[in-house]
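The values are calculated or read from the model by the stated rules, or taken from the named source; none is laboratory data. Note that this is a predicted model, so its numbers are computed, not measured. Here the Cβ is made from the backbone with ideal geometry for all residues, glycine too, and neighbour counts use every protein chain on show.
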Amino acid sequence: MELVFALVIGALTSSGVYLILRARTFPVVVGLTLLSYGVNLFLFSSGRLATGQQPIIGTAASYADPLPQALVLTAIVIGFAMTAFVVVLSLRNLADNEDDHVDGKQPYKSPAPEEEEEVTGK
Amino acid sequence: MNHWLTAPVLIPLLGGILQAFMGYAPISLRRTLALATTFLMLVSAIVLLIMANDGSYRIYAFGNWQPPFGIVLVLDRLAALMLVMTAVLALFCHVFSIGGADEGNRQFHGLFLFQLMGLNIAFLTGDLFNLFVAFEVLLIASYGLLMHGGGTVRTVPGLHYVVLNLIGSAVFLISVGMIYSVTGTLNMADLAVKVPQISGEGLSIVKAGGMMLLVVFGLKAAILPLCFWLPRAYSKATAPVAALFAVMTKVGIYAILRVYLLIFGDDAGKLANLGMDWLFPIALATLAMGVIGALGSGTLKTLVAWQVIISVGTLLAPIALGSEAGLSAALFYLLSTTWTVGGLFLVSELVANQRGSAKDRIITAPKMQSRTFLSVLFLVGAVAAAGLPPLSGFFGKVLILQSAEAGTEMAWLWSVLLTGSFLTVIAYSRAGSIVFWRTVDGHLNKPDPLNGRVSVAAGALTALAIAMVVLAGPIMAYTDATAAQLHNADAYIEILQTPMVGEDS
């Protein structure tokens, strides 16, 4: 079980990191999601892997640690909200710049720096 | 148990919830309530500062759960200092924002207050996982604030900021998991007890976890390899938001202070002073990078944003050296630089509004309105930021220089800090003389005159540099006591012994 668990975490994290390094926002968002899955599983395993154990100390020889589950739950909720936000932000980036490149434009298409118009708070 | 400790968290929480439901209320009512909330928060922070000044630790255990089993808020001198620093900065930023910057987004005040709540939880919490939650609370509010304001210029810096911080959160969780898997606790006081006892194969896991934690805090604090997101994001943010963000990098520094002095401090056995030998060269490199960026910046706001990075380097160098005098000096400089940088962001915005299409770019333009007032504010801010006498930045830097003990580290610190300060003076004088003195003939659309709120906010925040010189004695006494308290980790550990049931003091 430990080996499979470790391989799953490793595969999720490495694909997540690979996708985060891509230049388009959609792979980056998917990469962040995969990375957070890997992290959540990792956090879950920090209380040691056990099956069929009680979550209470003292009633049995070994026990399942309940605290990492609480941590994972918190991390899942926060990660979900953040993913929703980054999806909206990526769409806004696409709409504003008419390009889903993470820098807003292709690097080779950057001629003279254009004037950035800013209207503050009006 | 002390219920006052929840006040800096509850006040902005309740105020923020109220704002969330009042999006369509008249703007004057929303502004009044929001400002009152920030003011109340400042009052509660000052009350906590007076309480913390007796040198004892006060805790608030949620649900009356005995630490380390429940989540605790812990108040000590450092936490109180950070609370007051944030509340003062926030009040002036808030006053500035009601001068017009809060229009265009009905939830600006709500986000602003939630941001303050996240900051206050981060300063008060005594639990590593709760620190993660606090970071997320303040980050998600900061994402919204960073995007505040019209136009499309903030989208790309905002996206970079969000993605970087999400990766940072993932790394934070991994390091928390690594530390928990060995120690079985995340309460900071309990960790300080458990970490020195670790031996065998657990040691390298906790060591790796501790170093990854330093990477996360380094990302928040914007130390060298992780600082390039900051100038673009901060210089594009609306002025009061950028000024409030001056405190965001200080959260990273606070976390480094808290975790590495308490958990990986001098008493941590094999893990004592983990990462501090890395931090010193990185801090100096950050300082050098900030100075290079400041010299090369094309707008006033970018210049001030690089000043944030300069101050991070200046702060972390004495912290990494670890002496008590250095810590006290760093805390003094922390107060000075946070307020000064906040004030400079506000002044840059006022300058940008008076210069038509030239905005805050460092180029010649027709003579601006209210030039005398703005140039005096910029002068005071620049003198304080660069560390010229007689303002507070000078005293902070002198104290930092004095705190270094003779040796190679002193040579490095003195040479980098002094050369950096000299080049910072050049950067500010270049920017100031081009923007304020060199004027060309030309037509300038008559801008709105400065209104009272923005002038008062920018002026008062900048004038704090002078106030800090007048009050330098009491402030120094407080930072000295804070540094002594931070170096005495045993007293912090005693909060584990606090009796819970039926106690109410």
- Item | Restricting segment A:69-89 to residues that are within 7 Å of another protein chain (Cβ to nearest Cβ) and surrounded by 14 or more Cβ atoms within 10 Å (Cβ to Cβ), the residue that is farthest from B:M178 (Cα to Cα) | A:L89
- Task: For A:T25, work out the one condition from (1) in contact (Cβ under 8 Å) with a residue 60 or more places away in the chain; (2) of a type in the set (S, T, Y); (3) touching a Pro at 6+ places or on another chain (Cβ under 7 Å) it doesn't fulfil.
- Result: (3)
- Query: Of the residues B:S357, B:S311, B:S375, B:S328, which is in a helix (DSSP H, G or I), in contact with a strand residue (DSSP E or B) (Cβ under 9 Å, 6 or more places away or on another chain) and among the polar types (S, T, N, Q)?
  - Reply: B:S357
- Number of positions in segment B:142-159 that are closer than 30 Å to B:G210 by Cβ and either surrounded by fewer than 21 Cβ atoms within 10 Å (Cβ to Cβ) or facing another protein chain (nearest Cβ under 7 Å) (or both): 1
- Task: Consider B:G265 carefully, then state whether it is surrounded by 20 or more Cβ atoms within 10 Å (Cβ to Cβ) and out of contact with any Phe, Trp or Tyr (no Cβ under 9 Å at 6 or more places or on another chain).
- Result: yes
- Query: Among all residue pairs at least 6 apart or on different chains, which show Cβ distances below 6 Å where the first residue, located in segment B:434-460, is among the charged types (D, E, K, R) and in a loop (DSSP other than H, G, I, E, B) and the second is at pLDDT 80 or above and loosely packed, with under 15 Cβ neighbours inside 10 Å?
  - Reply: B:R438/B:T364
- Filter result (out of contact with any helix residue (DSSP H, G or I) (no Cβ under 7 Å at 6 or more places or on another chain) and assigned to a loop (DSSP other than H, G, I, E, B)) within segment A:1-52: A:M1, A:L21, A:A23, A:R48, A:A50, A:T51, A:G52
- Subset of segment B:160-177 that is more than 7 Å from every other protein chain (Cβ to nearest Cβ) and under 19 Å from B:S204 (Cβ atoms) - its residue that is surrounded by the most Cβ atoms within 10 Å (Cβ to Cβ): B:V176
- Note on the structure: Among B:S429, B:S433, the single one that is under 26 Å from the mean Cα position of the chain (by Cα) and closer than 17 Å to B:T372 by Cα is B:S429
- Message: Out of B:L391, B:L315, I need the residue that is closer than 20 Å to B:I282 by Cα and within 23 Å of the chain's Cα centre (by Cα). Which one?
- Response: B:L315
- Taking the options A:S36, A:S45, A:S15, name whichever one is surrounded by 13 or more Cβ atoms within 10 Å (Cβ to Cβ), more than 20 Å from B:N165 (Cβ to Cβ) and at the interface with chain B (Cβ under 10 Å from one of its Cβ atoms). A:S45
